[in-house]
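Only one structure is covered here, and it is reproduced in the block below.
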């Protein structure tokens with residue numbers, strides 16, 4: 001996986017091809033759960049210096065899907081995401097950091113109306129013409145967002161992978 005700095009400019013995230021996937025545990029850590037959220041909108045500004053760049057993205061909370069209708073209904077309810085009251089999950093970058101060749105986006109993730117710091121590690125970037133692809137991963141503690149239902153039964157941490165396609 002190669003991480004390259006894209007050309008300077010403003011890019012609009014393409015919701016039709018971008019997604020946030022996740023992995024977590026359930027049943028006291030014995031089972032695994034995978035799923036996804038759809039990206040609703042967002043933008044990327046690649047600046048000079050690149051450390052002044054920004055990423056802002058909105059995921060559609062109601063698009064939460066694991067392939068298990070009963071589980072999805074529970075997670076979308078007021079016990080977890082409360083997607084009816086909080087339809088967006090937002091990421092706003094604050095800093096872009098390059099430490100030893102490892103690029104990270106440090107920012108704020110807002111879920112269920114609660115903001116908490118998050119750090120996405122950029123694992124891949126590619127440029128083709130006026131388009132770019134960025135893949136970044138993060139670990140999110142759902143308790144930091146006040147989502148504490150079913151302690152033990154539902155995993156506390158989610159491993160997120162954002163696969164973002166954007167165009168100038």
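Numbers below:
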item	result
Of the criteria (1) within 13 Å of the chain's Cα centre (by Cα); (2) more than 13 Å from residue 19 (Cα to Cα), which one residue 57 fails	(2)
Positions within segment 77-92 being under 16 Å from residue 35 (Cβ atoms) and touching a strand residue (DSSP E or B) at 6+ places or on another chain (Cβ under 6 Å), in sequence order	81, 83, 89
Members of segment 29-48 that are part of a strand (DSSP E or B) and farther than 30 Å from residue 96 by Cβ	31, 32, 33
Some residue of segment 64-73 being out of contact with any strand residue (DSSP E or B) (no Cβ under 7 Å at 6 or more places or on another chain), assigned to a helix (DSSP H, G or I), closer than 17 Å to residue 36 by Cβ and modelled with pLDDT of 95 or more	yes
Checklist (1) without any contact (Cβ under 8 Å) to a residue 40 or more places away in the chain; (2) outside any strand (DSSP E or B); (3) farther than 28 Å from residue 150 by Cβ applied to residue 51, failing item	(1)
Residue under evaluation residue 57, criteria (1) surrounded by fewer than 12 Cβ atoms within 10 Å (Cβ to Cβ); (2) part of a strand (DSSP E or B), criterion not met	(1)
Residue in segment 19-28 that is assigned to a loop (DSSP other than H, G, I, E, B), closer than 17 Å to residue 153 by Cα, in contact (Cβ under 8 Å) with a residue 24 or more places away in the chain and in contact with a strand residue (DSSP E or B) (Cβ under 7 Å, 6 or more places away or on another chain) present	no
Test result for residue 14, surrounded by 13 or more Cβ atoms within 10 Å (Cβ to Cβ) and farther than 28 Å from residue 155 by Cβ	yes
Residue under evaluation residue 46, criteria (1) over 18 Å from the mean Cα position of the chain (by Cα); (2) within 26 Å of residue 151 (Cα to Cα); (3) surrounded by 19 or more Cβ atoms within 10 Å (Cβ to Cβ), criterion not met	(2)
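The values are calculated or read from the model by the stated rules, or taken from the named source; none is laboratory data. These numbers come from a predicted model, not from an experiment. Reconstructed Cβ throughout: ideal geometry from the backbone, glycine too, with neighbour counts over all protein chains shown.
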